[in-house]
1. Restrict the check to the stretch 8-25 and report whether at least one residue is in a loop (DSSP other than H, G, I, E, B), of a type outside the set (A, V, I, L, M, F, W, C) and at pLDDT below 95.
2. What residue, among those in the stretch 251-308 that are part of a loop (DSSP other than H, G, I, E, B) and among the acidic types (D, E), is modelled with the highest pLDDT?
3. With touching a residue at least 60 places away in the same chain (Cβ under 8 Å) and open to solvent by less than 30 Å² (accessible area, probe 1.4 Å) as the only criterion, which of L241, L292 stands out?
4. Considering the stretch 187-201 alone, what residues qualify as being open to solvent by less than 20 Å² (accessible area, probe 1.4 Å) and part of a loop (DSSP other than H, G, I, E, B)?
5. If you go through the stretch 249-279, how many residues are of a type outside the set (D, E, K, R) and open to solvent by 60 Å² or more (accessible area, probe 1.4 Å)?
6. Against the definition (more than 28 Å from E124 (Cα to Cα) and assigned to a strand (DSSP E or B)), how does L34 come out, yes or no?
7. Please determine whether any residue of the stretch 210-233 is open to solvent by less than 40 Å² (accessible area, probe 1.4 Å) and modelled with pLDDT under 95.
8. Condition first: open to solvent by less than 60 Å² (accessible area, probe 1.4 Å), at pLDDT 95 or above and in a loop (DSSP other than H, G, I, E, B). Now tell me which residues in the stretch 48-90 satisfy that.
Amino acid sequence: MSVSVIIPAHNAGSTIAATLASLHGEADAIGEILVVDDSSSDDTAMVALEAALKITPNARVLRASCRDAGGARNLALAEASCPWIYLIDADDLHLPGGLSAMLKKARAGADLVVGGSLRRVDGEDRKVKFSSGLGRDAISNAVMYLKGQVSSIAVGGALFSRRVMGGDRFPTGLAYDEDTLFWVRLISRASMAFVDRPVMIYQVCTQRSDNRFLAKPARHFLAWRRELRCLSDCGIPSAALKAREGIVALKIARVHYAVGDFRNAARFLAVASAAPKSPSDAWRCARYSLKLLARGRGALGKMDLLDA
């Protein structure tokens, strides 16, 4: 039993039993389950503990008041005792045999093992995404990941060693993309392996995902960017960090455009347009610029807060 399973949960009483049930077939590999009940007002803790104890007697519910998935994960990461860590969110589902397949690769010498994830968007199954295509050089892998040249790693789609994690933790207080920053730190020094099959179902709610970009957009972007720039201490070149800024700014611009907030769409589009980008993102920037011009919103200057 080699794996600590960590599940952050906030008001997940209606979903977490299914998440844990999906792990039942992996009981031989699971040494402990740590559920972090983060300020829930429902029966998350009771439901989670009952379901977790069916898998292993080494199950605990940790109480937290983070209201932050990264902070909740960090609390459990500090408590984890097994050599391997598996994170999954409280509304996602593990697929049979996925953890065992990743653990087999890990025991063969990898620090970070990534499997495929089936994206379920608003209840509809989409294609399986794989993060394969990375090579042997860790920094090059981290740069490719930041630039979006490989599919993103879903929480629930990877297994990693406590050794390679060291003292790294998830950034806290961010509205989005905190998992990317965590994975990049691991990738920048990890030997990697891949499982060429889906290991989990990643539940995506489009509205909830988009809403992260709408509230206090400048403040949240600047907070995220400060954390992004800290990745330079891993040896990540500034051009890769700038490219990630552009990718995220373009996402924010597209969401604001979709809701008719053309002013913020233009401001973030300017940031995206100034960043290094792939040909496909360059085309998206040009297309949205034309759309804004057509609406008489052609002032695409950067907002002052993003100039630093």
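1. Step one: filter the stretch 8-25 for residues in a loop (DSSP other than H, G, I, E, B), giving 10-15, 22-23.
Right, trim to of a type outside the set (A, V, I, L, M, F, W, C) and you get 10-11, 13-15, 22.
Right, trim to at pLDDT below 95 and you get none.
Scanning the stretch 8-25, I find no residue that is in a loop (DSSP other than H, G, I, E, B), of a type outside the set (A, V, I, L, M, F, W, C) and at pLDDT below 95, so the answer is no.
2. Applying the first criterion (part of a loop (DSSP other than H, G, I, E, B)) to the stretch 251-308 yields 259-261, 275-278, 295-303, 307-308.
Now narrow it down to the ones that are among the acidic types (D, E): 261, 307.
On the way: D261: 93, D307: 51.
Restricting to residues being part of a loop (DSSP other than H, G, I, E, B) and among the acidic types (D, E), the top hit is D261.
3. Working: L292 fails: touching a residue at least 60 places away in the same chain (Cβ under 8 Å).
Going through L241, L292 in turn, just one is touching a residue at least 60 places away in the same chain (Cβ under 8 Å) and open to solvent by less than 30 Å² (accessible area, probe 1.4 Å): L241.
4. S188, A190
5. Of the residues in the stretch 249-279, the ones of a type outside the set (D, E, K, R) are 249-250, 252-253, 255-260, 262, 264-266, 268-276, 278-279.
If we keep only those that are open to solvent by 60 Å² or more (accessible area, probe 1.4 Å) too, we end up with 258-259, 274, 276, 279.
Total satisfying the criteria: 5.
6. Spelling it out, L34 is indeed more than 28 Å from E124 (Cα to Cα) and assigned to a strand (DSSP E or B).
7. To start, the set of residues in the stretch 210-233 that are open to solvent by less than 40 Å² (accessible area, probe 1.4 Å) comprises 213, 217-218, 221-225, 228, 231.
Cutting the leftovers down to modelled with pLDDT under 95 gives us none.
Taking every residue of the stretch 210-233 in turn, none turns out to be open to solvent by less than 40 Å² (accessible area, probe 1.4 Å) and modelled with pLDDT under 95.
8. Matches in the stretch 48-90: I55, T56, A80, C82, I88, D89, A90.
The values are calculated or read from the model by the stated rules, or taken from the named source; none is laboratory data. Values in this document were obtained by computation on a predicted structure and should not be read as measured data. In this analysis, Cβ positions are derived from the backbone assuming ideal geometry, glycine residues included, and neighbour counts consider all displayed protein chains. Accessible surface areas use protein heavy atoms only, side chains included; no ligands, DNA or RNA. Shrake-Rupley method; radii C 1.70, N 1.55, O 1.52, S 1.80 Å.
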